[in-house]
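For reference, the structure is listed below as structure tokens.
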Amino acid sequence: MATEPPIGNVLIGLVLLCLALLLPESAWAKSCTPPTDGPEIKIKLVEGKLAQNSALGLQALTRKMRPHEDPALKSIYSFGLTSVEWRSKADLQLTGMPSGATAHCWYVAGISMTITLRSTVFVAKEIARDSCPWREVLNHEQKHVTLNAKMFARLPKELKPRIAAVAGGGILSAKGQLAMATFRPRIEKAIGAALDDFSAAREKQHRDEIDTKAEYDRVDAACPEAEWDAVFHRAGLK
């Protein structure tokens, strides 16, 4: 058998929280009540053009997909995979209202966040272009691409309440730097946790809906066995 094929997903997330002021610690003030219910949160998704890569061999793709797998296990190989990278950048705006002679009541007035997505579909270099295995691997990976787009479209809706939950309230301080130093780690932590949860849910949904035995069996049966064997021969595995 030339399968349990292919195929899976890699998700790489990098969180960059760009804040104007970063310095020491401040305390929440009970007497400091912002004039709003919470900050205005804007999240923009920017999706790059889908890329395709056929420079890696079957064994390299398998290591990329399952880097911690025992190399002695040779029953499952990755003929292709869909890699997704995202980078997020958030700009935080603080506003201060005078409170007494020297202090201000600082609160988060707005958060503007941009999440940039980049997807790459990898196909093992041993698979002949435009062959039956080539078409079937791409067909399978397109299912991952489609599901990714659907899930990422929901990401702003999932992120906003997680951010809002830690970005409300006010801080009484003479300097905005002190207030920023309190708000910053709370918001940073909320964004990181939300993206981690999203990543785990995304990977589970891909496994449950796409990377199933039935789908692998379908891909295997779609092409003559000799064509799959030829891929293994070219990869030096038979």
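For (1) touching a strand residue (DSSP E or B) at 6+ places or on another chain (Cβ under 6 Å); (2) closer than 30 Å to MET65 by Cα; (3) β-branched (Val, Ile, Thr), each residue gets a yes or a no:
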{"site": "THR114", "(1), (2), (3)": "yes, yes, yes"}
{"site": "SER119", "(1), (2), (3)": "yes, yes, no"}
{"site": "SER131", "(1), (2), (3)": "no, yes, no"}
{"site": "ILE163", "(1), (2), (3)": "yes, no, yes"}
{"site": "ALA181", "(1), (2), (3)": "no, no, no"}
- Hits in the range 107-149 (condition: free of Cβ contacts under 8 Å to residues at least 40 places away in the same chain and open to solvent by less than 30 Å² (accessible area, probe 1.4 Å)): TRP134
- Within the range 195-207, identify whether any single residue is of a type in the set (A, V, I, L, M) and touching a strand residue (DSSP E or B) at 6+ places or on another chain (Cβ under 8 Å), and answer yes or no. yes
- Report, ordered by the first and then the second residue, all pairs with beta carbons closer than 9 Å, sequence separation of six or more or different chains, a first member in the range 49-64 that is at negative phi and open to solvent by less than 80 Å² (accessible area, probe 1.4 Å), and a second member that is among the acidic types (Asp, Glu) and in a loop (DSSP other than H, G, I, E, B). GLY57/GLU126; LEU58/GLU126; THR62/GLU69
- Item | strands (runs of 3 or more DSSP E) enclosed by the range 21-108 - at least 2 residues per element that are closer than 18 Å to ILE191 by Cβ and modelled with pLDDT under 90 | 80-99
- Query: In the range 166-191, what residues are within 15 Å of the chain's Cα centre (by Cα) and either open to solvent by 30 Å² or more (accessible area, probe 1.4 Å) or modelled with pLDDT under 90 (or both)?
  - Reply: none
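The values are calculated or read from the model by the stated rules, or taken from the named source; none is laboratory data. This structure is a prediction, so every number in the text was calculated from the model and none was measured. Cβ coordinates were reconstructed from backbone atoms using ideal geometry, including for glycine residues, and neighbour counts include every protein chain displayed. These accessible areas exclude ligands, DNA and RNA; they are computed on the full protein's heavy atoms, side chains included. Shrake-Rupley method; radii C 1.70, N 1.55, O 1.52, S 1.80 Å.
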